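Written below as structure tokens is the structure these notes are about.
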Amino acid sequence: MSGRLEIRDLRVAYDRAIAVSVDHLGVAPGTLATVIGANGAGKSTLINAIANWSRAAPRLSGAITVDGEDFSRVSACDRARRGVVLVPEGRGVFMGLTVEENLRAGVGAARGAGGRAYALAEIYDLFPRLYERRRNVGAALSGGERQMLAIARALRMAPRLLLLDEPSIGLAPRLVALLLATIRTLVDGGLTVLLVEQNVVAALEVTDVLYLLERGRLIAGGTVAAMRDDPRIIASYLGGGHG
Amino acid sequence: MNVAQQFANGIIIGHAYALVAVGWTLLLGAARLVNFGHGQMYMMGAFVAWWLMSATGLPYAAAVPLAVLVGALLGALMQRLFLRLTLSQDLVNLMIATLGFGQILQGAAGLAFGAKPERLTSPLQAITLGGARVSCSAQDVLLVGATIVVFLGLHWVLRRSRFGAAVRMVAEDPPLAALYGLRVAPVYLAIFAFEGAAVAFAATLVAPRTPILTSIGFEQVVMTFVVVVLGGIGSVGGSYVAGLLLGLYTAFFSALVSPAYTTASVFALLIVVMVVRPGKLAASGGFAR
Ligand SMILES: Nc1ncnc2c1ncn2[C@@H]1O[C@H](COP(=O)(O)OP(=O)(O)O)[C@@H](O)[C@H]1O
Ligand SMILES: [Mg+2]
């Protein structure tokens, strides 16, 4: 199993303001780690930094290793090619490409990525809806279908480490549960996943390790069993604090 | 007026406009970039072919591919020179830089090839086809046929090939393309090389119709601009149709009114179209159709 992530002294700044400051974050191979935090806490900034990717131009510093290899100076494109695959928040698929074109577009890059590359047939087994929609362009898909496609194309790229930024955003509760269950199945199959979520209740059901991010800092972290009883989690996210 | 003959002329000129514009159409549609050195690259294509034939005695059929190769290299050189502007999509500076590049080409061509009008001669120009009512040269037939092949080929590549998908990805969202593991810079390089090659190819086919001067670039870039704007900013199919309509328009305008005012009237047409339907001019990602 591969995909061990280690981050040390990561600082990300937009202009002058430091948005994320994380001294240490690790994800063990074959596990699902989830970073939760409120809107604006820095979740996207953090997960984008792990992919060395952004639509803005933040300044990054710190060390990132994957399976012991130093990735700190590797470009976003090369990280994707080497198996650190990000599904970004919002626009994550090409609207002008069909489902099948989206699924074929990244595959040439998968050689040597280090993870397991899913064949097209496996993708369609996993997401039957995408098979039905394979000739439709991204623009014609629903939000849920787009999110499935975004994850599916990432799986095609043989990820060692799959980075998911709020895949549940804008989806109906039933779809959220289905999507997270699918992600859990992938992890049980050996994939390493770092997930960023605001939907804490749903995420708790599938996660191994939970991190709590507040104003760009990790203020708590541990196994789900331990974190479930953490007063900060209960107070902020599980509707506690009333009684 | 011989209506049938003007119609034929219009179709031929229209295909010439479309072929001259095809490279810029892709550049604009796929890379959202402009090249105001386009007209001078046309001029270079014609003069390189002319020089190869007159200085080395190569036949026309050999001069054409070599001029296309030089065009591709010029396009690639341009992209390397303006790499930073290209990747950052700095349109205003790219406009000025490519305009300057064109002026340098024109100056260099003036020094190298002189200020006299020259003739790029194609053996097909002398072959007349048709009858008393409608006639054209074999060169015209080649021009129309080659234009159709280039447009169909481009359409096929964009729609059906892996490379075409990469071009569409770069057109839609370059940062997202990086997450798919796609290297963006070589795609831009290929688009510029195609732009240079296509305009040089167009020049070798169109230029035998008239004498060539090192100053002919301006008229070409003007017509290309009109075709690209009328066609819907970067739409491949739209440019073909726009080129054809523009060719018919100029043919009939020259015959009915006066050839002297054709260019001015094309601009008037352009302004009217831009005022009447400004919202429709953007291809909005559908450029590959
Ligand atoms: N492009 C940007 N430019 C400047 N500041 C930004 C930019 N993107 C995010 N930020 C700031 O960084 C902080 C973290 O944002 P983000 O990572 O998007 O949070 P989250 O994903 O947890 O909602 C916020 O304070 C936000 O205002
Ligand atoms: Mg976010």
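The values are calculated or read from the model by the stated rules, or taken from the named source; none is laboratory data. Remember, predicted model here, so these are calculated numbers, not experimental data. Quick reminder, even Gly has a Cβ in these numbers, built from the backbone with ideal geometry, and neighbours come from all protein chains shown.
Per-structure values
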{"read-out": "Any chance residue A:207 is assigned to a helix (DSSP H, G or I) and of a type in the set (Val, Ile, Thr)", "value": "no"}
{"read-out": "Subset tally (residues that are surrounded by 18 or more Cβ atoms within 10 Å (Cβ to Cβ) and within 10 Å of chain A (Cβ to nearest Cβ)) for the stretch B:147-169", "value": "5"}
{"read-out": "The stretch A:79-129, residues that are surrounded by fewer than 20 Cβ atoms within 10 Å (Cβ to Cβ) and within 16 Å of ligand 2 (Cβ to nearest atom)", "value": "A:89, A:90, A:91"}
{"read-out": "Selection status of residue A:63, hydrophobic (A, V, I, L, M, F, W, C), surrounded by fewer than 15 Cβ atoms within 10 Å (Cβ to Cβ) and farther than 18 Å from residue A:165 by Cα", "value": "yes"}
{"read-out": "The stretch B:178-188, residues that are more than 8 Å from chain A (Cβ to nearest Cβ) and farther than 12 Å from residue B:30 by Cα", "value": "B:185, B:186"}
{"read-out": "Hey, residue A:47 within 14 Å of chain B (Cβ to nearest Cβ), aliphatic (A, V, I, L, M), within 16 Å of ligand 2 (Cβ to nearest atom) and within 16 Å of residue A:196 (Cα to Cα) or not", "value": "yes"}
{"read-out": "Test: residue in the stretch B:90-104 that is among the β-branched types (Val, Ile, Thr), free of Cβ contacts under 8 Å to residues at least 24 places away in the same chain and over 30 Å from residue B:173 (Cβ atoms)", "value": "yes"}
{"read-out": "Hits in the stretch A:25-49 - residues which are over 22 Å from residue A:90 (Cβ atoms) and without any contact (Cβ under 8 Å) to a residue 60 or more places away in the chain", "value": "A:26"}
{"read-out": "Residues within the stretch A:167-195 that are modelled with pLDDT of 95 or more, within 16 Å of ligand 2 (Cβ to nearest atom) and surrounded by fewer than 21 Cβ atoms within 10 Å (Cβ to Cβ), tallied", "value": "0"}
{"read-out": "Boolean, residue B:75 is part of a helix (DSSP H, G or I), in contact (Cβ under 8 Å) with a residue 60 or more places away in the chain and more than 14 Å from chain A (Cβ to nearest Cβ)", "value": "yes"}
{"read-out": "Filter result (among the hydrophobic types (A, V, I, L, M, F, W, C) and over 18 Å from residue A:94 (Cα atoms)) within the stretch A:128-162", "value": "A:158, A:161, A:162"}
{"read-out": "Residue tally, condition within 15 Å of ligand 1 (Cβ to nearest atom) and either within 10 Å of chain B (Cβ to nearest Cβ) or in a loop (DSSP other than H, G, I, E, B) (or both), over the stretch A:53-90", "value": "11"}
{"read-out": "Matching residues, the stretch A:118-167, being closer than 21 Å to residue A:51 by Cα and charged (D, E, K, R)", "value": "A:146, A:153, A:156, A:160, A:165, A:166"}
{"read-out": "Residues (part of a loop (DSSP other than H, G, I, E, B) and within 13 Å of the chain's Cα centre (by Cα)) located in the stretch A:153-192", "value": "A:159, A:160, A:166, A:167, A:168, A:169, A:191"}
{"read-out": "In the stretch A:131-173, residue farthest from the other protein chains (Cβ to nearest Cβ) [restricted to those that are within 16 Å of ligand 1 (Cβ to nearest atom) and of a type in the set (A, V, I, L, M, F, W, C)]", "value": "A:169"}
{"read-out": "Residue in the stretch A:104-114 that is of a type outside the set (Phe, Trp, Tyr), within 16 Å of the chain's Cα centre (by Cα), under 22 Å from residue A:49 (Cα atoms) and away from ligand 1 (no atom under 16 Å from the Cβ) present", "value": "no"}
{"read-out": "The stretch A:27-37, residues that are away from ligand 2 (no atom under 12 Å from the Cβ) and assigned to a loop (DSSP other than H, G, I, E, B)", "value": "A:28, A:29, A:30, A:31"}
{"read-out": "Condition met for residue A:119 (on the phi < 0 side of the Ramachandran plot and facing chain B (nearest Cβ under 10 Å))", "value": "no"}
{"read-out": "Residues that are at pLDDT 95 or above and in contact with a strand residue (DSSP E or B) (Cβ under 8 Å, 6 or more places away or on another chain), drawn from the stretch B:178-211", "value": "B:179"}
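Yes or no, residue by residue, for (1) under 18 Å from residue B:31 (Cα atoms); (2) surrounded by fewer than 15 Cβ atoms within 10 Å (Cβ to Cβ); (3) in contact with a helix residue (DSSP H, G or I) (Cβ under 7 Å, 6 or more places away or on another chain):
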position	(1), (2), (3)
B:85	yes, no, yes
B:95	yes, no, no
B:102	no, no, yes
B:105	no, no, yes
B:120	no, no, yes
B:128	no, yes, no
B:135	no, yes, no
B:145	no, yes, no
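Listed here are the residues, each with its yes/no results for (1) within 16 Å of ligand 2 (Cβ to nearest atom); (2) under 25 Å from residue A:202 (Cβ atoms); (3) touching a Gly at 6+ places or on another chain (Cβ under 9 Å).
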site	(1), (2), (3)
A:9	no, no, yes
A:39	yes, yes, no
A:53	yes, no, no
A:58	yes, no, no
A:61	no, no, no
A:67	no, no, yes
A:72	no, no, yes
A:77	no, no, yes
